[in-house]
1. If Lys and Arg each add +1 and Asp and Glu each add -1, what is the summed charge of the other residues whose beta carbon sits under 11 Å from the beta carbon of ARG115?
2. How would you rank 160-170, 10-20, highest first, on the average number of other Cβ atoms within 10 Å across their residues?
3. Give the carbon-plus-sulfur fraction of the accessible surface of segment 52-129 in %, rounded to a whole number; probe 1.4 Å, heavy atoms of protein chains only.
4. Assuming R0 = 41 Å, what is the FRET efficiency of LYS96 and SER174, from their Cβ-Cβ distance, to the nearest 0.05?
5. Please report the net charge: other residues with Cβ closer than 11 Å to the Cβ of VAL148, K and R +1, D and E -1.
6. In square nanometres, what is the average projected area of the Cα convex hull of segment 44-175?
Amino acid sequence: MPATEPDAVAPVLTTSIQQTNHVLSEMRTFLYQLRPIIMKEKEIGQWVLDLCRQFQQATGVALEAEVGTPAGQELSAEISIALFRIIQEALANIYKHAHASRATLSLDFSADAARLVIEDDGRGFDVEARPEAGIERGHGLTNIQERVAELGATLQLESAPGAGTRLEAVFPYSR
């Protein structure tokens with residue numbers, strides 16, 4: 001770019017800054033994933049709120065998170081890990097695919113199950129016509145479905161083009 005085109009510099013710098021911020025966000029996610037995942041129900045609430053705050057700061061997507069009061073039942077390591085990974089994957093999907101401006105996350109604990117609900121106002125998709133997982137499309141929703149099935153939990157996925165997405169997973173404490 002010649003020095004005679006100073007107006008061309010701003011768009012190039014803006015693009016460079018956006019790409020750098022994206023890489024930084026991805027690196028933060030990878031580093032966070034390396035943390036140990038041993039947690040109890042009482043600790044998972046703070047972890048979820050911290051992750052949501054970090055996601056909002058890194059992506060600019062407004063994320064309202066609410067964690068219910070633990071019901072006294074201790075989460076198994078398997079459920080804690082599944083919640084950890086599902087939340088990460090769902091937030092990544094909101095950022096990468098939904099192009100949402102707002103999202104909500106709710107984690108509640110009843111006497112017999114943990115219930116996770118994540119919703120966004122993104123572009124949505126046709127759940128029935130979803131293409132097979134692959135390198136270009138990713139494996140996120142497939143991974144979520146497998147984690148839920150392995151633990152005897154239930155998963156509801158609601159979405160439509162232009163209507164955002166709602167994911168609800170319910171994990172019974174015992175199978």
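The values are calculated or read from the model by the stated rules, or taken from the named source; none is laboratory data. All values derive from a computational prediction rather than experimental measurement. A quick note on method: Cβ atoms are made from the backbone with ideal geometry, for glycine too, and the neighbour counts reach across all protein chains shown. These area figures cover heavy atoms from the full protein model, side chains too; ligands, DNA and RNA do not enter into them. Shrake-Rupley method; radii C 1.70, N 1.55, O 1.52, S 1.80 Å.
1. -3
2. Final packing ranking: 160-170, 10-20.
3. Carbon and sulfur atoms account for 45 percent of the accessible area of segment 52-129.
4. 0.75
5. Residues near VAL148 contribute -1 overall.
6. Details: hull surface 30.7 nm².
With the hull built on Cα positions only, its mean projection is 7.7 nm².
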